[in-house]
Each structure stands twice: as structure tokens, then as C-alpha cells.
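The values are calculated or read from the model by the stated rules, or taken from the named source; none is laboratory data. Small disclaimer: the values here were computed from a predicted structure and weren't measured. Neighbour counts are summed over all protein chains in view; Cβ atoms, including those assigned to glycine, are modelled from backbone coordinates with ideal geometry.
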Amino acid sequence: MERITQNGKTDIKSLTLKELKEEVSAMGEKPFRAKQMYEWMHKKLVRDFSEMSNLSKSFREACEKRYAYTALIPVREQESRIDGTKKFLFELSDGNLVESVWMRYKHGNSVCISSQVGCRMGCRFCASTLDGLERSLLPSEMLDQIYAITLLTGERVSNVVVMGTGEPMDNYDNLLRFLELLTDANGLNISQRNVTVSTCGIVPRMRQLAEEKLQITLALSLHAPTDEKRRKLMPVANQYSLTELMDACAYYFEQTGRRITFEYSLVAGVNDNKEEARELSDLIGHLNCHVNLIPVNPIEERDYKESSRAAVLAFQKELEKNKINVTIRREMGRDIDGACGQLRRRHTKKTVEDLTC
Ligand code: SAH
């Protein structure tokens with residue numbers, strides 16, 4: 001299989017242990033060296049070859065010449081004064097920037113990672129897509145957001161959500177490889193059940209993912225109960241209808257036994273009235289699912305306003321009346337550009353004031 005490269009060199013942190021063994025033997029080293037190296041990279045989280053102290057100096061130097069070693073550079077860190085949520089901005093080897101969020105919950109620490117630099121999906125309320133897609137992230141670049149945050153916070157990450165900038169299903173092969181490495185027992189060993197991948201709804205990829213039969217949670221960004229309304233918020237709705245989407249969700253459950261999560265951002269006067277809650281109940285009522293309601297986080301480039309507390313509660317009540325599982329998501333990190341793509345965008349525009357505590 002063709003290797004993933006960076007600047008013409010094989011990207012060593014994107015290799016599976018099996019592939020690494022092949023590489024190591026091709027370099028004339030014993031196969032067990034591969035396991036040692038893999039652990040240095042994915043368990044001990046070292047940032048370059050020189051730290052791999054049980055490998056010979058000559059081997060480390062040969063690796064340095066031969067491979068690209070992904071280690072994201074932290075450029076900014078902001079901490080919420082409200083809830084301790086931290087937002088990190090990292091620089092990639094080509095100078096691009098990505099952001100990730102760290103959240104502390106009762107059940108453990110959760111990291112929200114980006115899957116692309118920018119996004120081409122065009123959702124109207126989202127800051128990540130305003131400048132379009134720059135490029136997709138490599139598996140190692142998705143992983144290293146978690147590794148770098150583990151090192152910076154000094155705390156173990158137990159949950160990962162692929163819900164930052166980018167559309168993971170638009171970077172499908174790299175996403176799958178990332179998931180394989182993330183949940184590998186020889187690496188961070190994060191349980192598949194503690195991983196969520198969120199999509200705007202690319203139906204063929206959702207079906208493909210279902211067939212991988214992973215135990216991860218699939219979250220679908222729904223945001224509207226009818227095709228007509230959804231098309232106004234999300235251009236992807238012109239490509240796939242709600243009927244096709246609901247079938248894909250049912251298929252995911254059928255294949256994996258995992259309940260679907262629906263993300264629904266409430267926008268004042270756009271998708272948040274009682275009638276819309278009823279329509280939503282009719283749409284999803286037959287599925288084994290859970291709804292996350294979150295008031296939209298307004299971005300300055302668009303005129304969308306968040307729903308009032310009363311509207312959010314009324315929407316929730318209506319869903320519950322129809323026996324739908326629903327949670328109002330805590331709005332983490334509102335004071336630190338918590339919504340997708342806001343920090344990177346501000347940093348790039350150089351208009352940000354230092355919010356770091
Ligand atoms: N592309 C994927 C994952 C990234 S977006 C997807 O669409 O699911 C992660 C979630 O944040 C999505 O549900 C998205 O619709 C939502 N989102 C983006 N901008 C937002 C904003 N300003 N306020 C509230 N939710 C937002």
C-alpha cells in the first residue's frame with residue numbers, strides 16, 4: 001500500500017504497527033524495534049526521534065533523514081473563565097493553523113479535534129467554512145492534536161469528538177486510519193465507544209462507515225426538520241434529502257447497534273418553534289437516537305441569533321412529549337470563541353486580544 005507522505009517523506013506517525021514493522025525490517029533493524037518506536041510515538045508521545053532512548057543513535061539518525069515526524073506546535077492557548085474549557089491553536093509543518101478544544105467532564109477529559117484546515121461544506125452559521133477548504137489533515141495531524149493536548153495539560157484524554165473544523169467524511173480514508181491508530185491497544189488505546197464522529201450528512205460515506213462496524217458514535221448535524229429549511233442553512237442538503245439521511249442513520253444503527261446522535265443548533269426564528277419540534281419528532285421518532293440541542297453560537301459574519309432560553313426549553317419539552325431522548329448541551333467555552341473555526345479565523349485576521357487567563 002502506498003504510504004502517506006509529507007514533503008516527499010513517509011509520514012511515520014500515520015503508519016500502523018504492521019506497516020512500521022515492514023519499514024523497520026527494510027532498514028535492517030529487528031522487528032521488535034518497531035513496537036518500541038510505536039510506543040515512543042503513540043504511548044509515550046515523544047516529539048522527535050532523539051527522545052527514543054532505547055534505539056541506537058545511528059538508527060535514530062537514519063529515521064530522521066528518512067521520515068517526516070508530525071509534532072504540532074502550540075501557538076495559542078485560551079482558557080474559559082466560565083468552565084475551564086481550553087482552546088488550543090496549533091501550527092502544522094506547512095504553516096497552516098488548526099484548533100482543538102479540551103473539555104473537562106465528570107466522566108473524564110474530552111478533546112474536540114479538527115479534521116481539515118477550513119471546510120468546503122458552506123454551512124451558513126459556521127465560521128470554519130467562511131474561507132473554504134485549504135486542505136485535509138493527515139491521520140498523524142489529527143492524532144497529534146490529542147497528543148499535544150495530553151502533554152500540555154498533563155492529563156489523560158478519555159473521549160474524542162471529531163467535531164472541530166472540517167468535514168470528517170470529506171477526509172474519509174485519513175479519518176479511518178486515524179480511528180485505527182487512536183483506538184489501538186499499543187497506542188493511547190481509547191475505546192471506540194468513547195469516540196464520536198460528526199458529519200453534516202454525506203450519505204454514501206455514512207453508509208460506508210456503517211459497514212466498517214466500528215463501535216464509535218455517529219453524530220449527524222441536522223439543524224432543521226424539513227428539506228426546505230435545511231437547504232437554507234446547509235448547502236449539503238441540496239445533495240441529500242432527509243429521507244436518504246434517515247435511511248442512512250437507520251442503516252448505521254442496524255450495522256453497528258450504536259444509537260445515532262442528532263445535533264440541532266437552535267437559531268432564533270429560523271428553526272426553533274414548537275411546530276418545528278413536532279416536525280423533528282415525526283422525522284426521527286422511529287429511530288434509536290438522541291438529540292443534542294445547542295443554541296447557535298453567533299458569528300460576526302452572519303446575522304443568526306441564538307434562541308432564547310424559553311424557546312430552547314419549550315423545544316426540549318415538545319421533543320420529550322414525543323418520547324425523544326434529548327439533552328441541552330452545555331455551552332462550553334463561549335467566552336473563548338468556542339464555536340468551530342472562530343479562534344483560527346480571529347488569529348489569522350490578527351484582531352484577537354489576548355484572552356488567556
Ligand atoms: N462537519 C461536521 C463536524 C464539524 S461541525 C459536521 O457538520 O457535523 C461540528 C458541529 O458544530 C456541527 O453540528 C455544526 O453544525 C455545529 N456548528 C458549527 N458552527 C456552529 C455555531 N456557530 N453554533 C452552533 N453550532 C455550530
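Out of curiosity, is residue 89 in a strand (DSSP E or B) and either in contact (Cβ under 8 Å) with a residue 24 or more places away in the chain or not assigned by TED's automatic domain parsing to the domain that holds residue 142 (or both)? Considered against the rule, which asks whether it is in a strand (DSSP E or B) and either in contact (Cβ under 8 Å) with a residue 24 or more places away in the chain or not assigned by TED's automatic domain parsing to the domain that holds residue 142 (or both), residue 89 comes out as yes.
Results for (1) surrounded by fewer than 16 Cβ atoms within 10 Å (Cβ to Cβ); (2) acidic (Asp, Glu); (3) modelled with pLDDT under 95, shown as yes or no for each residue.
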residue	(1), (2), (3)
276	no, yes, no
292	no, no, no
308	yes, no, no
323	yes, no, no
332	no, no, yes
340	no, no, yes
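Taken as a whole, the structure places residue 111 among residues that are in contact with a helix residue (DSSP H, G or I) (Cβ under 7 Å, 6 or more places away or on another chain), within 15 Å of the ligand (Cβ to nearest atom) and without any contact (Cβ under 8 Å) to a residue 60 or more places away in the chain.
When residues in segment 300-324 are screened for being outside any loop (DSSP other than H, G, I, E, B) and touching an Asp or Glu at 6+ places or on another chain (Cβ under 8 Å), 3 of them pass.
Restricting to segment 12-34, name every residue that is closer than 27 Å to residue 150 by Cα and exposed (fewer than 15 other Cβ atoms within 10 Å of the Cβ). Selection gives 18, 32.
For segment 257-299, residues that are more than 9 Å from the ligand (Cβ to nearest atom), of a type outside the set (Lys, Arg) and in a loop (DSSP other than H, G, I, E, B) total 11. Consider segment 97-108 and keep the residues that are assigned to a strand (DSSP E or B) and away from the ligand (no atom under 13 Å from the Cβ). The one that is surrounded by the most Cβ atoms within 10 Å (Cβ to Cβ) is 102.
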